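Asker: Below is the structure I would like to discuss, written out as structure tokens.
Readers should treat all values here as calculations from the given coordinates under stated rules, not as data from a laboratory. Quick caveat, the model's predicted, so the values are computed rather than measured.
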Amino acid sequence: MALIVHKYGGTSMGSTERIRNVAKRVAKWARAGHQLVVVPSAMSGETNRLLGLAKELVPDTSNTDYFRELDALAATGEQASSALLAIALQAEGLASVSYAGWQVPIRTDSSFTKARIESIDDARVRADLASGKVVIITGFQGVDPEGHITTLGRGGSDTSAVAVAAAMKAAECLIYTDVDGVYTTDPRVVPEARRLHTVSFEEMLEMASLGSKVLQIRSVEFAGKYKVPLRVLSSFTPWDIDIHEEAKSGTLITFEEDEQMEQAIVSGIAFTRDEAKISIIGVPDKPGIAYKILGAVAQANIDVDMIIQNISKGGLTDFSFTVNRNDHARAMELLKNQVMPDLGSPEVIGDAKICKVSIVGIGMRSHVGVASRMFESLSEEGINIQMISTSEIKTSVVINEKYLELAVRALHKAFDLEKNQA
Ligand code: ADP
Ligand code: ASP
Ligand code: MG
């Protein structure tokens, strides 16, 4: 008998019929003798619907009181789906109870809309498990030190599940979703994408941070920190498939580098449309300029991703960086109104029509020429590279967003990631 955490995403919880199927699958695991903690997302579309209602009232603000209410609002989506799942389990003849984040409690900091989990008190959950209940814990939410409801950022139910698994030292955390594992790239963009049987923790961390939304990045961080056995698998297989077969399906996140020895140089391609570029043309090329620009941006709590500074001509240089698209307008306004007047008012150009495409692979550590193969493949497609950034196991480029699909498909082919190859 083992303690197992299941997480079901929005599509998997998308209708009462699907919730019934989830309940049947969970019941199968419980009847096999396991203790089950289940973390559901809101039904698909529900979080967007709720946040959309708030935006109808107030489209854009940086007011903390407003963000507090956004979290109180968005958290209801998971509360509803959790209670529905508990009801469906009871209908299957299993004792079951659902808890909101604050009832567990899952304690977080107070950063509304992107709170971090600080601790989880599992006493109540353990008592329920010991009395034979299946425990449902809402994904995506927690409670801050003042008792306010917080949420963990979009896609945060993955993080709730892995954090619960870590806190309770679960034998495994199974992330059930609408694809049957982690693929070489998003199978919705490249139908030839191949499922990976295993992916190393480091590669998964890069893929998640570079835009593969199959796992939220913080869930991967938690899995790495606490060595939580983590598997991504489909919730759309028949619920009654053999449990041993199911337990081996999908993609396992591994922590052993040795297992990766035989792997391809590039394991996957990630991409994101969530970024925007800001370029400042003709700033004085002297000490302190980067600090003046980026210090102001950081102070406004806006994260910067890639940064490029060109060589100077006549004492002036061009400076570009990317920010999350949601922060683009705010960053532009801040720079134009507060920072540029001090720097001789150089021109500030914003571009939200960009995307970032990245190749990821542990093998890049020990192979040269991988980045140049990437650039060659993009140039063959006539795609202009606007920015480049590299680390040990990834290379990212910023390109015009209209070339996103073309670039991802070309790179997928160039690095032999397609299925049915020898
Ligand atoms: P859930 O609601 O279950 O959390 P998400 O929509 O958040 O599901 O994540 C699953 C989706 O992630 C898939 O439907 C797929 O389109 C997308 N995705 C992006 N990159 C990958 C990848 N490398 N492998 C698998 N799925 C990916
Ligand atoms: N319901 C939340 C969202 O849509 C959390 C999640 O699904 O993981 O972002
Ligand atoms: Mg998700």
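Asker: So what are the three principal axis dimensions of the chain from its Cα atoms, in whole Å, longest to shortest?
Answerer: 77, 57, 33
Asker: Which lysines have a Cα lying under 30 Å from the Cα of residue 277, excluding residues fewer than 8 positions away in the same chain?
Answerer: 55, 114, 213, 286, 292, 313, 336, 353, 356, 394, 402, 413
Asker: Continuing with this model, one more query. In vacuum, with every alpha carbon of region 51-119 counted as one equal point scatterer, what does the Debye formula give for log10 I(q)/I(0) at q = 0.19, 0.27 Å⁻¹? Two decimals, please.
Answerer: Summing over Cα pairs of region 51-119 leads to -0.85, -1.17.
Asker: Report the relative contact order of region 211-325, percent, no decimals, based on alpha-carbon pairs under 8 angstrom and at least 6 residues apart. Let's see the in-between values first.
Answerer: Working: 108 pairs, mean separation 27.8, N = 115.
Relative CO of region 211-325 lands at 24 percent.
Asker: Cα gyration tensor of region 1-123, axes a ≥ b ≥ c as square roots of the eigenvalues: rounded (a/c below 1.5), prolate (a/b > b/c) or oblate?
Answerer: Numbers: a/c = 3.05, a/b = 1.65, b/c = 1.85.
Oblate, because a/c is 1.5 or more while a/b does not exceed b/c.
Asker: While we're on this one: For the chain, set up a Gaussian network in which alpha carbons nearer than 10 Å are linked by springs, and say which option among 169, 313, 28 fluctuates the most.
Answerer: Maximum among the listed residues: 313.
Asker: What list of whole percents do you get for P(r) of region 110-204, with Cα-Cα distances grouped in 5 Å bins up to the one holding the largest distance?
Answerer: The percentages, shortest bin first, are 2, 11, 16, 19, 17, 14, 11, 6, 3, 0.
Asker: Helix 289-299 sits at what angle to the longest principal axis of the chain, using alpha carbons and giving 0 to 90 degrees rounded to 10?
Answerer: 30
Asker: Right, another one. Viscosity 1.567 mPa s, temperature 4 °C: Stokes-Einstein D of region 338-391 from its Kirkwood Cα radius, in µm² per second?
Answerer: Values: Rh = 14.4 Å.
Estimated via Stokes-Einstein, D reaches 90 µm²/s.
Asker: Compute the angle between helix 404-414 and the longest alpha-carbon principal axis of the chain, please, reported from 0 to 90 degrees and rounded to the nearest 10.
Answerer: Helix 404-414 sits at roughly 80 degrees to that axis.
Asker: Over all distinct Cα pairs, what is the inverse of the mean 1/r for region 276-422, reported as the Kirkwood hydrodynamic radius in Å?
Answerer: Values: mean 1/r = 0.0593 Å⁻¹.
That comes to 16.9 Å for region 276-422.
Asker: On a full-extension model of 0.36 nm per residue, what is the gain between residue 385 and residue 92, subtracting their alpha-carbon distance, rounded to one decimal in nm? Walk me through the intermediate numbers first.
Answerer: Values: separation 293, 0.36 × 293 = 105.48 nm, distance 5.52 nm.
Value of the extension gain: 100.0 nm.
Asker: Here is a follow-up. Multiply the residue gap between residue 375 and residue 24 by 0.36 nm, knock off their C-alpha separation, and tell me the result in nm, one decimal place. Kindly include the intermediate steps, with their values, before the conclusion.
Answerer: Numbers: separation 351, 0.36 × 351 = 126.36 nm, distance 4.88 nm.
Contour length minus the Cα-Cα distance gives 121.5 nm.
Asker: Divide by every residue of the chain the summed helix terms, -39500 (n - 2.57) for each DSSP H run of at least 4, and state the resulting mean residue ellipticity at 222 nm, rounded to the nearest 500 deg cm²/dmol.
Answerer: Values: 12 runs with 139 residues, N = 422.
Result for the chain: -10000 deg cm²/dmol, rounded to the nearest 500.
Asker: Still on this model: Based on alpha-carbon centroids, what's the gap between region 358-394 and region 181-209 in Å, whole number please?
Answerer: With region 358-394 and region 181-209 each reduced to a Cα centre, they are spaced 17 Å.
Asker: Let me ask something additional. On C-alpha positions alone, give me the angle between the axis of helix 370-380 and the longest principal axis of the chain, in degrees, nearest 10.
Answerer: The angle comes out near 70 degrees.
Asker: Return the whole-Å distance between the Cα centroid of region 328-349 and the Cα centroid of region 45-97.
Answerer: Rounded to whole Å, the Cα centres lie 37 Å apart.
Asker: Right, something else. Would you list, by chain and number, the lysines whose Cα falls below 22 Å from the Cα of residue 28, excluding same-chain residues fewer than 8 positions away?
Answerer: 7, 133, 169, 248
Asker: With springs connecting C-alpha atoms under 10 Å apart, model the chain as a Gaussian network and identify which of 116, 126, 231 has the largest mean-square fluctuation.
Answerer: 126
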